[in-house]
Amino acid sequence: MATLIHTLADHSDDVNYCAFSSSCLATCSLDKTIRVYSLNNFSELPYSPLKGHTYAVHCCCFSPSGHVLASCSTDGTTVVWDAGDGRLLAVLEQPSGSPVRVCRFSPDSTSLVSGAADGSVALWNTQSWKLYRSGNVKDGSLVACAFSPNGIFFVTGSSCGDLTVWDDKMRCLHNEKAHDLGVTCCDISSQPISDGEHGFRYFQMASCGQDNQVKLWLISFADFLGVELKYKCKLNGHSAPVLACAFSSDGQMLVSGSVDKCVIIYETSTGNTLHTLSQHTRYVTTCAFAPYSPLLATGSMDKTVNVWQFDLKQPCAGNTVENESKVPVEDWSEDDVSAWLCAQGLAEFVGLFKMNNIDGRELLNLTKESLANELKIESLGLRSKVLQKIEELRMKTISAPGAVPDEFLCPITRELMKDPVIAADGYSYEKEAMENWISNKRRSSPMTNLPLPSLLLTPNRTLKMAISRWLEAHQQ
């Protein structure tokens, strides 16, 4: 299932990090450079290598659109590059001047986080490239970072073993001792799941550390719930410190790389090991899945980056969007559209659609003319193929039952209510969800966050009858 298709051996020292956009792969190294490759044939782009740092480059990342590349270094700076032509756009100096270990763009590209060896965290505005806010972790170096899918929160990992959750105002919301000997990396899946116990929507987070462990967590970022982080399980397999971990774009796989020179790919739903890859001859320092194609990159202290291709048997992320999500197509994000393209066998158009900011509403409005004139798809056959898939999507959208009225959805679970009750805040909730809310010793309203004057729950029979009538009308 995982086949080694290319080995990149251009760096002259340890490879520290690798990152994908929809069309490129970037790698960085102790040799002070960043190299950028085309995913078409893995040839190095004309402007590569990028040389701007005076010391080792520890991390690199693309903005969600793929238009901008950031890199950070022991020299105390985070450098921002134009991913199209390699132009240097900005040099962001860490306020403390400490070596910068990690950098990450927010999902909406409005901010960039940089974390340093002295524990300082800087949040930069990507419009002005000015410092917006800064903070510090309690102890240790900041070595890992991951954003929540909504971009409002992010998690940092430190060398003292803590995972810290921050909001976009740089307020520390939660701190958790995760790994005894230090966190080395963390990642958050973009695909939500239900915890199966209370019906709340969580995201999976992975962390790894010097204690040889990979851990899975459930984390909730709902505004009215606050942040909740709970330990899920440990994934076994490595015999030495684990230096890197990353989710696939559909959340179905997790990859990790270790000092034991092995790369392990897990199935996240079961925790089972799918593959163990052992081609590197020294420590594996980094691993990353491509966002919308079946590619994996792994980098090592052996100065190489291996690129692997998967023969995917399972549906890709687009099936999750189309078949499982309750989000109407017109409300799809650009990432949802990219996932849908992948599911339809149109992954080659992901970069083009992202470049033109095609979201769900834009997707449904595409025509033969706009595909040719605006998106510049020259091949008539390819235009027809794309248009056919869009027409199929339009038909499903038109024939789908009407969207569930928002007042029929429980504010906690966002599911259709079966047994609605009125709480003391005047809002209606699913009875079981609100009882679980109260049983967890919460005494505030899920909607307003204000104290509940009473814990009494009153059946809302009028709403229950309205939901029943709506169900009857839409099940005919």
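The values are calculated or read from the model by the stated rules, or taken from the named source; none is laboratory data. As the structure is a prediction and not an experimental result, all values here were calculated from the model. With ideal geometry, Cβ positions are generated from the backbone for all residues, glycine too; neighbour counts draw on all protein chains shown. Just so you know, the surface numbers come from the protein's heavy atoms only, side chains and all, with ligands and any DNA or RNA stripped out. Shrake-Rupley method; radii C 1.70, N 1.55, O 1.52, S 1.80 Å.
At pLDDT below 80, surrounded by 17 or more Cβ atoms within 10 Å (Cβ to Cβ) and either within 30 Å of Val255 (Cβ to Cβ) or small (Gly, Ala, Ser) (or both): does that describe Ala317? Yes; evaluated as a whole, the condition is true for this residue. Reported count of residues in segment 228-278, each being more than 15 Å from Ile193 (Cα to Cα), touching a Phe, Trp or Tyr at 6+ places or on another chain (Cβ under 9 Å) and open to solvent by 60 Å² or more (accessible area, probe 1.4 Å), is 4.
To keep it simple, each residue is scored yes or no on (1) in a strand (DSSP E or B); (2) open to solvent by less than 20 Å² (accessible area, probe 1.4 Å); (3) free of Cβ contacts under 8 Å to residues at least 12 places away in the same chain.
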{"position": "Cys28", "(1), (2), (3)": "yes, yes, no"}
{"position": "Val36", "(1), (2), (3)": "yes, yes, no"}
{"position": "Tyr47", "(1), (2), (3)": "no, no, no"}
{"position": "His53", "(1), (2), (3)": "no, yes, no"}
{"position": "Gly66", "(1), (2), (3)": "no, yes, no"}
{"position": "Ala70", "(1), (2), (3)": "yes, yes, no"}
{"position": "Val91", "(1), (2), (3)": "yes, no, no"}
{"position": "Gly115", "(1), (2), (3)": "yes, yes, no"}
{"position": "Leu123", "(1), (2), (3)": "yes, yes, no"}
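Scanning segment 177-191 for residues that are of a type outside the set (Ser, Thr, Tyr) and open to solvent by 50 Å² or more (accessible area, probe 1.4 Å), we see that the one that is modelled with the highest pLDDT is Lys177. Of note, Gln210 satisfies the criterion of being open to solvent by 40 Å² or more (accessible area, probe 1.4 Å) and modelled with pLDDT of 90 or more.
Yes/no matrix, rows are residues, columns are (1) crowded, with 16+ Cβ neighbours inside 10 Å; (2) in a helix (DSSP H, G or I); (3) of a type in the set (S, T, N, Q):
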residue: Asp336; (1), (2), (3): yes, yes, no
residue: Val350; (1), (2), (3): yes, yes, no
residue: Phe353; (1), (2), (3): yes, yes, no
residue: Glu369; (1), (2), (3): no, yes, no
residue: Ile377; (1), (2), (3): yes, no, no
residue: Gly381; (1), (2), (3): no, yes, no
residue: Glu392; (1), (2), (3): no, yes, no
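Summed over segment 106-153, the residues that are farther than 23 Å from Ala90 by Cα and touching a Lys or Arg at 6+ places or on another chain (Cβ under 8 Å) give a count of 1. Do you know which of the residues in segment 15-26 that are open to solvent by less than 20 Å² (accessible area, probe 1.4 Å) and either at pLDDT 95 or above or assigned to a strand (DSSP E or B) (or both) is farthest from Ala244 (Cα to Cα)? Per the criteria, the residue is Cys24.
Among residues of segment 368-380 that are closer than 16 Å to Lys354 by Cβ, those with a beta-carbon under 7 Å from a residue that is in a loop (DSSP other than H, G, I, E, B) at least six positions away or on a different chain give the pairs Leu371/Ile377; Leu375/Asn356. For segment 9-56, name all the residues that are closer than 27 Å to Asp335 by Cβ and of a type in the set (A, V, I, L, M). Passing the criteria: Ala19, Leu25, Ala26, Ile34, Val36, Leu39, Leu45, Leu50. Tally the residues that are closer than 17 Å to Thr156 by Cβ and not in a loop (DSSP other than H, G, I, E, B), restricting the search to segment 93-113. Qualifying residue count, segment 93-113: 9. Are any residues in segment 433-473 among the hydroxyl-bearing types (Ser, Thr, Tyr) and either over 14 Å from Lys418 (Cβ atoms) or surrounded by 14 or more Cβ atoms within 10 Å (Cβ to Cβ) (or both), and if so, which ones? Selection gives Ser439, Ser444, Ser445, Thr448, Ser454, Thr458, Thr462. If you check Gly97, Gly140, Gly151 for being open to solvent by 30 Å² or more (accessible area, probe 1.4 Å) and either farther than 21 Å from Lys51 by Cα or in contact with a Leu (Cβ under 8 Å, 6 or more places away or on another chain) (or both), only one passes: Gly140.
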